[in-house]
Amino acid sequence: MPRMALLLRRRFLVAATLIVIGFPSIAPAQSAPLKGELVVFNAGSLGLPFRNLLKAFKKANPEVRTSQESAGSLESARKVTELGKTPDILAVADYAIIPKLLIPAHADWYATFATNSLVLAFRTESQGALEINIQNWYRVLLRPGIRTGRSDPALDPAGYRTLMVWQLAEQYYQQPTLARLLTNASPPRYMRPKEADLTALLQLGELDYIWTYASIA
C-alpha cells in the first residue's frame, strides 16, 4: 500500500478520534501537505457525523480529495467482500460485522468508537401519539391503519436489531406471538434499505412510527 494512503488513513482516524473525545480544534502535526484520495464507506446512521468529519479534514488538508458512500452496514461490507471495492475507512453500526465478514481477508483490525440506542420515533401528528407510552406502545403499533417503518434486516443492523427488540418485548410483556404480530404490522412496503431512509418518510407523514437510532431521531 502506498505510504501516502497510509498517512491519509492514520491522520483522518487521529483527527476523528480527537473530535469524538471533545477536541475538535486539535489536528495532528504533519511535516508535509497530504495529497491523494480518502474514500469512506459508512452506515446510514453515521452519514452526518462522517460528513462533518470529512469536511473538517478537507479544510485542514485542502489537497486531499474526499469521497463518502452511505448505505446499510451489511451493504457497505458487501461492497468490499462481493464487489471488490476498497475504501480507506469502513464505519459500520454493528462492529461484529467486521470480524465476521472482513477479517482476515479484507481487514487486519478494527476499533469501536461510539454506542447508540434503538428507539421508536414518531411525530406529534402520528396516530396514537398523544397516548403512546412504555406500557402500550406495541398495542398502538398493532392498531389497524398504523404505518410503522423499519430498515431491511438483510442489509442494515437497525433492521435485525428491530426484530430483536420485538422478540425481547414478547418476553418482557409476556405476550406470546407479539414478535410475529409486529412483523406482520410492518410489511415490506414500509421497509427501506437503511434506517436513515425512514426519517424523511416520517417527516412527510407517510409513516406514523419508525424504528431508528437515537442519534438521528
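I want the antiparallel fraction of DSSP beta bridges within region 91-217, as a percent rounded to 5.
Beta bridges within region 91-217, antiparallel portion: roughly 55 percent.
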Placing +1 on the Cβ of each Lys and Arg and -1 on the Cβ of each Asp and Glu in the chain, which of GLN171, ILE89, LEU101 has its Cα farthest towards the positive end of the resulting dipole? ILE89
Counting only residues 5 or more places away or on other chains, whose amide H sits under 5 Å from the amide H of ASP152 once H atoms are built in the peptide plane? ARG192, LYS194
GNM result for the chain, Cα springs below 10 Å: residue of THR66, THR148, THR177 fluctuating most strongly: THR177
Name the residue farthest towards the positive end of the dipole of region 118-216 from the options ALA158, LEU181, ALA121, assuming +1 on Cβ of Lys and Arg, -1 on Cβ of Asp and Glu, about the Cα centre. LEU181
If I model a spin label as a point 7 Å beyond the Cα along the Cα-Cβ vector, how far apart are those points for LEU118 and ARG78 in nm? 1.9
Structure-based [θ]222 nm, the chain - -39500 (n - 2.57) summed over DSSP H runs of at least 4, per residue, nearest 500: -10500 deg cm²/dmol
Which of GLU125, GLU206, GLU75 ends up with the largest GNM mean-square fluctuation for the chain, with Cα atoms connected below 10 Å? GLU125
Report, for the chain, the % of DSSP beta bridges that are antiparallel, rounded to 5. 25
Over 21 Å between Cα atoms, which of LYS55/LYS194; LYS79/LYS194; LYS59/LYS194 qualify? LYS55/LYS194; LYS59/LYS194
Per residue of region 37-45, in order, report the coupling 6.51 cos²θ - 1.76 cosθ + 1.60 (Karplus, θ = phi - 60°) as ³J(HN,Hα) in whole Hz, putting x for Gly and Pro. 10, 10, 10, 10, 9, 9, 4, x, 5
Compute the convex hull volume of the Cα atoms of the chain, divide it by the residue count, and report the result per residue in Å³ as a whole number. 144
Taking the chain as a Gaussian network, Cα atoms linked when under 10 Å apart, which of ILE146, ILE89, ILE132 shows the biggest mean-square fluctuation? ILE132
The chain - charge dipole about Cα centre, Lys and Arg +1 at Cβ, Asp and Glu -1, debye rounded to 20: 480
With only Lys, Arg, Asp and Glu charged, each at its Cβ (+1 for the first two, -1 for the last two), find how big the charge dipole of region 91-208 is about the Cα centre; round to the nearest 20 debye. 280
Report the FRET efficiency, 1/(1 + (r/R0)^6), for TYR110 and GLU63, where r is their Cβ-Cβ distance and R0 is 30 Å, rounded to 0.05. 0.60
For a quick check: with amide H placed at 1.01 Å from N, whose amide H comes under 5 Å from LEU38's, ignoring anything fewer than 5 positions away on the same chain? ARG65, THR66, SER67
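Bear in mind that the values in this text are calculations on the coordinates, not laboratory data. Owing to the predicted nature of the structure, the values given are computational and were not obtained by experimental measurement. In this analysis, Cβ positions are derived from the backbone assuming ideal geometry, glycine residues included, and neighbour counts consider all displayed protein chains.
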